[in-house]
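Colleague: Dropping a structure here in structure tokens format, bear with me for questions.
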Amino acid sequence: RVMEARNVLIATGSRANRPEGIPFDGRRVFDSDSINGLSYLPKSIAITGSGIIAIEFAKIFRNLGTDVTLVIRDNNARKALMKIGLDKDVA
């Protein structure tokens, strides 16, 4: 089937990963969905992951003046960041 449109939005959808044993409370521990309800700007934040969502949130908070620590579970952080398509000189 062929569709024509002036504008297209593709929403693939996903759910935040919530590993067992981590107390996601919406006050101090957030996931990528609940962080959108944050009612204050933290002085500092630790973000875990090397995917594009983690990188985007790190950049947003850094641009807002928050001290950001990005925690990447890989022996080679540069390699992990290159996997998501970051330029090798930036990663």
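The values are calculated or read from the model by the stated rules, or taken from the named source; none is laboratory data. Predicted model only: the values in this text are computed from it and were never measured. With ideal geometry, Cβ positions are generated from the backbone for all residues, glycine too; neighbour counts draw on all protein chains shown. Quick note on the areas: whole protein, heavy atoms, side chains included, nothing else; ligands and nucleic acids left out. Shrake-Rupley method; radii C 1.70, N 1.55, O 1.52, S 1.80 Å.
Colleague: Any idea how far apart Met82 and Ile53 come out in nm if each label point goes 7 Å out from Cα toward Cβ?
Modeller: It is 2.6 nm.
Colleague: Given a Förster distance of 22 angstrom, what is the FRET efficiency for Glu20 paired with Arg73, based on the Cβ-Cβ distance and rounded to 0.05?
Modeller: 0.85
Colleague: Right, another one. Could you work out [θ]222 nm for the chain from helices alone, using -39500 (n - 2.57) per DSSP H run of at least four and dividing by all its residues? Round to the nearest 500 deg cm²/dmol.
Modeller: -6000 deg cm²/dmol
Colleague: What nm value, rounded to one decimal, do you get for the distance between Ile10 and Leu38 when each label is placed 7 Å out toward the C-beta?
Modeller: Distance between label points: 2.9 nm.
Colleague: Which order do Phe61, Phe24 take by accessible area at a 1.4 Å probe, largest first?
Modeller: So, going from the largest accessible area down, we get Phe24, Phe61.
Colleague: Over the chain, average the accessible area per residue using a 1.4 Å probe and give it in Å², no decimals.
Modeller: 87
Colleague: Roll a 1.4 angstrom probe over the protein heavy atoms and tell me the percent of accessible area of the chain that is carbon or sulfur.
Modeller: Roughly 50 percent of what the probe reaches on the chain is carbon or sulfur.
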